[in-house]
Amino acid sequence: MKTPLIALGAALLLAGGAGCAQAQNPVSFAANDYGKPETWLCLPGRSDPCSTQDLTTSVIAADGGVTVEPFLRAADPGIDCFYVYPTISTDKTANSDMTPDDEPRVAAVHFARFSSVCRTFSPLYRQVTLAALGKTMSGQPSGADMEQPYKDVKAAFDWYLANENKGRGIVLIGHSQGAGIIQRLTRDYFDGKPLQKQLVGTMPIGWSVPVDDKGLFGTIPSCSKLGQTGCLISYVSFRDTLGPVPATLFGRVQGAGLHAACVNPAALGGGKAAAHSYLRTKSGAGKQPWVQGKSIETGYVSVPGLLTTECVREGAHSYLKVTTNADPADPRTDSIGGDQNNNDPLWGLHTLDMNIGMGDLIAVVKAQAAGWKTAP
């Protein structure tokens, strides 16, 4: 019998990866018209979660000093970022509708900060919902059409290419279910295809992307240095004190000679490095304040030097090991929250995958944009 997470992983693999299974009682979905602005969560030239979210950040030094870091969106970025959000819909149906509920919040947290380096595109799509995955985890048929999420995003990407791209460089970004869809877009549109010359980078985060021992996903290499274009960054994150257990699907893949990609955005060439994280203030540090004796008023904090990240391979798993460099003697917090399901080793730091590496991912895209513009 499948464990709950393996069942969940199977559903996600079908929903966002290479799956083609349909619902047991398939619902007929009409095609979306992505020429209509209401079918997009983020679209340039309007007010939306990617253009209006306040991303001002309190930077908390190890000595307890706090400085406020404003956020500036790029006025005329030279590249585009295309983002697919994770499993987040609270709709009670197996596939979500096209009316967002929690999608704007997660897009603001995961994606809005990329507006400092690129134009931001994120389509709404009829994803496999939390309710459907809950059924799968309890051993029931989900009733979801597992192929519909990719059909929707593919239609949106086709519209984007036909109407908005105009030869611009493209960064693909996604998390969890969205990352599985990004992996599939990368394969279907870029891997060995003419459009590969426009691929600035692809970032399926919180997803087990199969690569060979050279780090290749088809013809697409894993990123290994700052400024490298057309490459892959992917990882799943776990605490150093609570690594993946055998039952988790995160960080392992099937296939001889393959392993799950892990590229540390803070150290593309490998090794351990301090992560440039942007953490939500409300996700907090357990029962502790972020810094003793001070109130943090911004929605985000950055804690230089507190978190260190390193890609490791342990048995069948390949993952981003996250170490908290606690110092009980200083006034700054010694822990961060964000573990899924109360420190469940099946999930690790899945909900913080994007936040942990956010500053480094932005730096990577900024360097990639510069490199892509000057490439022959």
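Details
- Being within 22 Å of Leu352 (Cβ to Cβ), touching a Pro at 6+ places or on another chain (Cβ under 6 Å) and not basic (Lys, Arg) is a property that does not hold for Pro86.
- Filtered residue count, region 41-53, keeping only those that are without any contact (Cβ under 8 Å) to a residue 60 or more places away in the chain and surrounded by 15 or more Cβ atoms within 10 Å (Cβ to Cβ): 2
- Considering only residues in region 131-172 that are outside any helix (DSSP H, G or I) and free of Cβ contacts under 8 Å to residues at least 12 places away in the same chain, the one that is farthest from Ser89 (Cα to Cα) turns out to be Lys166.
- Within region 86-120, being crowded, with 24+ Cβ neighbours inside 10 Å, under 19 Å from Ala31 (Cα atoms) and out of contact with any Ser or Thr (no Cβ under 6 Å at 6 or more places or on another chain) holds for one residue alone: Asn95.
- Pairs meeting the criteria (first residue in region 287-314 and farther than 20 Å from Tyr235 by Cβ, second residue in a strand (DSSP E or B) and among the basic types (Lys, Arg), beta carbons under 9 Å, at least 6 apart or on different chains) are Trp290/Arg332; Val291/Arg332; Gln292/Arg332; Gly299/Arg280; Tyr300/Arg280; Val301/Arg280.
Here is a yes/no grid of residues against (1) in contact with a strand residue (DSSP E or B) (Cβ under 7 Å, 6 or more places away or on another chain); (2) closer than 26 Å to Thr374 by Cβ:
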| site | (1), (2) |
| --- | --- |
| Thr229 | yes, yes |
| Ser234 | yes, yes |
| Gly243 | yes, no |
| Thr248 | no, no |
| Val253 | yes, no |
| Ala261 | yes, no |
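- Residue within region 298-307 that is at pLDDT 90 or above, hydroxyl-bearing (Ser, Thr, Tyr), part of a loop (DSSP other than H, G, I, E, B) and within 20 Å of Asp54 (Cβ to Cβ) present: yes
- Residues within region 314-337 that are part of a strand (DSSP E or B) and under 19 Å from Ile356 (Cα atoms), tallied: 8
- Counted residues, region 54-79 - those being under 28 Å from Glu164 (Cβ atoms) and surrounded by 22 or more Cβ atoms within 10 Å (Cβ to Cβ): 1
- One residue stands out among those in region 34-68 that are assigned to a strand (DSSP E or B) and within 23 Å of the chain's Cα centre (by Cα): the one that is farthest from Pro328 (Cα to Cα), which is Trp40.
- Among the residues of region 144-159, none qualifies, meaning not one is among the polar types (S, T, N, Q) and farther than 20 Å from Gln183 by Cα.
- Residue identified as modelled with pLDDT under 95 and of a type in the set (Gly, Ala, Ser) among Ala75, Ala61, Ala112: Ala75
- Hits in region 209-245 - residues which are touching a His at 6+ places or on another chain (Cβ under 9 Å), farther than 16 Å from Gly270 by Cβ, among the hydrophobic types (A, V, I, L, M, F, W, C) and part of a strand (DSSP E or B): Phe238
The values are calculated or read from the model by the stated rules, or taken from the named source; none is laboratory data. Worth saying up front: this structure is predicted, and the values here are computed from it rather than measured. Glycine gets a Cβ as well: all are built from the backbone with ideal geometry, and neighbour counts include every protein chain shown.
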